[in-house]
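The values are calculated or read from the model by the stated rules, or taken from the named source; none is laboratory data. Fair warning: this is a prediction, and the values are worked out from it, not measured in the lab. Virtual Cβ from ideal backbone geometry, glycine too; neighbours counted across all protein chains shown. Just so you know, the surface numbers come from the protein's heavy atoms only, side chains and all, with ligands and any DNA or RNA stripped out. Shrake-Rupley method; radii C 1.70, N 1.55, O 1.52, S 1.80 Å.
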Amino acid sequence: GTHVDLSHLAATPPGLTVEIRTRLEAVEGKKLVFRIEADDGVDRITEGRHERQVILAERFEARVAAKKVTP
C-alpha cells in the first residue's frame, strides 16, 4: 500500500469478533482507493481509506533484492 488513513472510533474488549469490510471506491490510473470500515458487533471501531498501487512484481522484487545486504 502507499497510504493508510484510519480513524480509531472505539475500543474493542477481548473476546469480541471484529468484522472488517473493504470496498474499492476508485481506480485512478495505477492507484486503487479502498474504503475500510470495521465493527465489533457493538460499535464501529474504525473507518478510513487505503491506497494501493498496481505494480510489476518482477521489477519490485528486483529492487528489493538489490537492497539486501550480504554479510
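Within the accessible area of the chain, the carbon and sulfur atoms contribute 55%, probe 1.4 Å, all protein chains present.
I need the calculated FRET efficiency for the pair L9 and R49, taking r as the beta carbon distance and R₀ as 22 Å, to the nearest 0.05. That gives a FRET efficiency of 0.90.
Packing around the peptides 40-53, 21-34, taken as the average count of other Cβ atoms within 10 Å per residue, puts them in this order, highest first: 40-53, 21-34.
Rounded to the nearest whole Hz, the Karplus-based 3J(HN,Hα) values (6.51 cos²θ - 1.76 cosθ + 1.60, θ = phi - 60°) of the range 39-47 follow the sequence 9, 10, x, 10, 10, 6, 9, 7, 7, with x at glycine and proline. Placing D39, D5 in order of accessible area, with the largest value first and a 1.4 Å probe, yields D5, D39. The Cα atoms of the range 12-71 cover 48, 37, 13 Å along the three principal axes, with the biggest extent listed first. Note: relative contact order over the chain, using C-alpha pairs below 8 Å and six or more positions apart, is 34 percent. Students often get this wrong: which residues of the range 50-67 have the backbone nitrogen under 16 Å from the point 7 angstrom along Cα-to-C-beta of K31? Backbone N within reach: 50-55.
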